[in-house]
Amino acid sequence: MTSGSEWWRSAVIYQIYPRSFADGSGDGMGDLPGITSHLDDLRDLGVDAIWLSPFFTSPQKDAGYDVSDYCDVDPLFGTLADFDDMLAAAHERGIRVIVDLVPNHSSDQHIWFQEALAATPGSPARSRYLFRDGKGEHGELPPNNWESVFGGDAWTRVIEPDGTPGQWYLHIFDESQPDFDWSNEQVREEFRRILRFWLDRGVDGFRIDVAHGLIKKDGLPDHFADPEGGSMGGDEADVPFWGQEGVHDVYRDWNALVSEYDGDRALCGEAWLPTLEKTALWVRPDELHQTFNFIYLETEWDAAALRAVIDESLRAFGSVGAPSTWVLSNHDVVRHASRLALTAVNPQGHGIGPNSPGQPIPEVGLRRARAASALMLALPGSAYLYQGEELGLPEVIDIPDEARQDPTWFRTEGERYGRDGCRVPLPWTADAPSYGFSPTGSSWLPQPAEWAEHARDIEAADEASTLSLYKTLLETRRVHDLGAGTLEWIPTSDGTLSFRNGAITVVANLGTEPVALPGGRVAAASSPVDGGVLPVDATAWLIGSPEVCGD
Ligand code: NOJ
């Protein structure tokens, strides 16, 4: 692990969703000791860093994105000592560790919110959140028309300490997740304290949840949402709770704070915004270091569309001196091994279930996912992987209704399946109960019967597996320093993409016919390459390639 190298510019960062990674205690819920026990697997995979979704004290109404104590570990996941052990073990293996910071809202069980409920309208305790009087003769209507990202109203009315119905509080997510008021200096100071708490423990950075949402438009005006827009608002240009100018002050402040620490601590924002041009504003030199490239994630499997988004990403982020990031999957979207084969519109956050239209064909999805990952990992910049994609895991579509846990499912009364399908616990060992996820064989979400074939032990022993492909891609990317490289397009026929990054020539076939490769040694291929021909839905990396691939 090198220090002071702005490592995040080219790093491959692996997202761990702690609930579903590995269970050390046997309760069916993944935990920190489970992560520690598998760090060798991640070192062997070849990632530079891990990002852990929240493991802080939480009632788990939104899988830990509802935090009641930001400076402690939830007993479900272990203890602070377990965290320190995990951090030290990761660092010993040269793996950096990023933790998730959830500043837009707390849990309703957070001491501040409990104090706010016990206090009166207009009190300092209420001013840390967004309490407002309701509309209507008796304040019986919500203060505005905002809807929760998870469905339903974004406001809940409280019962005042005197027993009467009273004010409303804003929750852009579940009603158990009240939004902070970031115009309150106490809130700002508290988050500086939280940042320092984890920085002092030695974390290498933070992923910032809802980084585009902290500041709300003055006056909280009504909003008329686009019904086709993704849940996080990425498709819409002007939303009064997303992308407000004042949020940038917060990140300038945090940039200065993390700069006081050695070792290039990184800040990565989860900001769903309508254009890359706007997204790049979050990573100006004195703000965050990275932001997820969700526009890339949402691009369809189409050569021209991908080329355009790659060019625009490199241009927009480059114009502010930031690296582009690339990502295909995370815990909020349909896994790309299914998403890339969907044939119907599927807005982000809605998920897929047995009754969703446009069901993916698994073989097509996996083929495209492998090709898409091979394309992504050759791009200059930093790439994010989501646990399980290295095994080619698909979205789990047939989770029984009674097992579903995402608040989206409940708040929309089953109209949206939500995100459970990408959160199913990982298969480690084909012939062990719960595929080795838990020593007792329990699992907080049921795992599908077909997952034995995706188990890590099976894939590790198979040179043609998705796991072996990822290892080859990551090793080749490291040896040739592709993350710090530059991209040079090579002209190709329609439906095909080709570019050079240093010594590697990449050819991706997104068309309908096989294409001839230009020659050179195949360093990696997402599907078998026979006789120098690249099949449909496949990507190859070539070394020593003379030039253009042909029709
Ligand atoms: C984004 C997180 O990634 C998601 O899982 C969570 O539900 C919301 N923010 C609310 O914190």
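None of the figures in this text is laboratory data; all of them are computed from the coordinates on show. Keep in mind it's a predicted model, so treat the numbers as computed, not measured. We place every Cβ from the backbone using ideal geometry, glycine too, and count neighbours over all the protein chains shown.
Has segment 14-26 got at least one residue that is of a type in the set (Gly, Ala, Ser), in a helix (DSSP H, G or I) and in contact (Cβ under 8 Å) with a residue 60 or more places away in the chain? So that I can check it myself, show each step before the final result.
Filtering segment 14-26 for residues of a type in the set (Gly, Ala, Ser) gives 20, 22, 24-26.
Subset that is in a helix (DSSP H, G or I): 20.
Imposing the further condition that a residue be in contact (Cβ under 8 Å) with a residue 60 or more places away in the chain reduces the set to 20.
Checked segment 14-26: at least one residue is of a type in the set (Gly, Ala, Ser), in a helix (DSSP H, G or I) and in contact (Cβ under 8 Å) with a residue 60 or more places away in the chain.
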Check your understanding: Does Thr408 qualify as being hydroxyl-bearing (Ser, Thr, Tyr) and surrounded by fewer than 24 Cβ atoms within 10 Å (Cβ to Cβ)?
Key -> no
Practice item. Mind telling me which of the residues Val345, Val424 ends up being in a loop (DSSP other than H, G, I, E, B), in contact with a Leu (Cβ under 6 Å, 6 or more places away or on another chain) and on the phi < 0 side of the Ramachandran plot? Key: Val424
Study note, to complete from the structure: Matching residues in segment 242-266 (within 18 Å of the chain's Cα centre (by Cα) and away from the ligand (no atom under 16 Å from the Cβ)) number 1
Study note, to complete from the structure: Matching residues in segment 59-79 (more than 11 Å from the ligand (Cβ to nearest atom) and either touching a residue at least 60 places away in the same chain (Cβ under 8 Å) or touching a Phe, Trp or Tyr at 6+ places or on another chain (Cβ under 9 Å) (or both)) number 11
Exercise for review: May I ask you to verify whether Ile352 is farther than 23 Å from Pro18 by Cβ, assigned to a loop (DSSP other than H, G, I, E, B) and either touching a residue at least 40 places away in the same chain (Cβ under 8 Å) or under 20 Å from the mean Cα position of the chain (by Cα) (or both)?
Suggested key: yes
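Is it the case that some residue within segment 91-109 is of a type in the set (A, V, I, L, M), more than 18 Å from the chain's Cα centre (by Cα) and in a helix (DSSP H, G or I)?
Just the residues of segment 91-109 that are of a type in the set (A, V, I, L, M), to begin with: 95, 97-99, 101-102.
Now drop any that are not more than 18 Å from the chain's Cα centre (by Cα), which leaves 95.
If we keep only those that are in a helix (DSSP H, G or I) as well, we get none.
No.
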Exercise for review: Sort out which residues of segment 267-305 are within 16 Å of the ligand (Cβ to nearest atom) and assigned to a loop (DSSP other than H, G, I, E, B), and write them in order of number.
Suggested key: Glu270, Ala271, Trp272, Leu273, Leu288, Phe292, Asn293, Glu298
Study note, to complete from the structure: Thr36 fails exactly one of (1) away from the ligand (no atom under 16 Å from the Cβ); (2) without any contact (Cβ under 8 Å) to a residue 24 or more places away in the chain, namely (2)
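Can you find a residue that is of a type outside the set (A, V, I, L, M, F, W, C), crowded, with 18+ Cβ neighbours inside 10 Å and over 30 Å from Glu287 (Cα atoms) anywhere in segment 193-205? Full working, then the answer.
Going residue by residue through segment 193-205, those that are of a type outside the set (A, V, I, L, M, F, W, C) are 193, 196, 200-202, 204-205.
From what is left, the residues that are crowded, with 18+ Cβ neighbours inside 10 Å are 204-205.
If we keep only those that are over 30 Å from Glu287 (Cα atoms) as well, we get none.
There is no residue in segment 193-205 that is of a type outside the set (A, V, I, L, M, F, W, C), crowded, with 18+ Cβ neighbours inside 10 Å and over 30 Å from Glu287 (Cα atoms).
What strands (runs of 3 or more DSSP E) completely inside segment 479-536 contain at least 3 residues that are more than 24 Å from Arg315 (Cα to Cα)? Even if it seems obvious, please write down each step before you answer.
Working: elements: 496-501, 504-509, 521-525.
Result: 521-525.
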Check your understanding: Any residue at all in segment 148-160 that is more than 16 Å from the ligand (Cβ to nearest atom), exposed (fewer than 15 other Cβ atoms within 10 Å of the Cβ) and either of a type in the set (Asp, Glu) or free of Cβ contacts under 8 Å to residues at least 60 places away in the same chain (or both)?
Key -> yes
Point to revise | Residues of segment 143-155 classified as more than 28 Å from the chain's Cα centre (by Cα) and more than 13 Å from Phe224 (Cα to Cα), total | key: 1
Revision key, fill the gap. Across (1) within 16 Å of the ligand (Cβ to nearest atom); (2) in a loop (DSSP other than H, G, I, E, B), Ser123 clears everything bar (1)
Study note, to complete from the structure: Counting only residues that are surrounded by fewer than 18 Cβ atoms within 10 Å (Cβ to Cβ) and outside any loop (DSSP other than H, G, I, E, B), segment 174-187 contains a total of 2
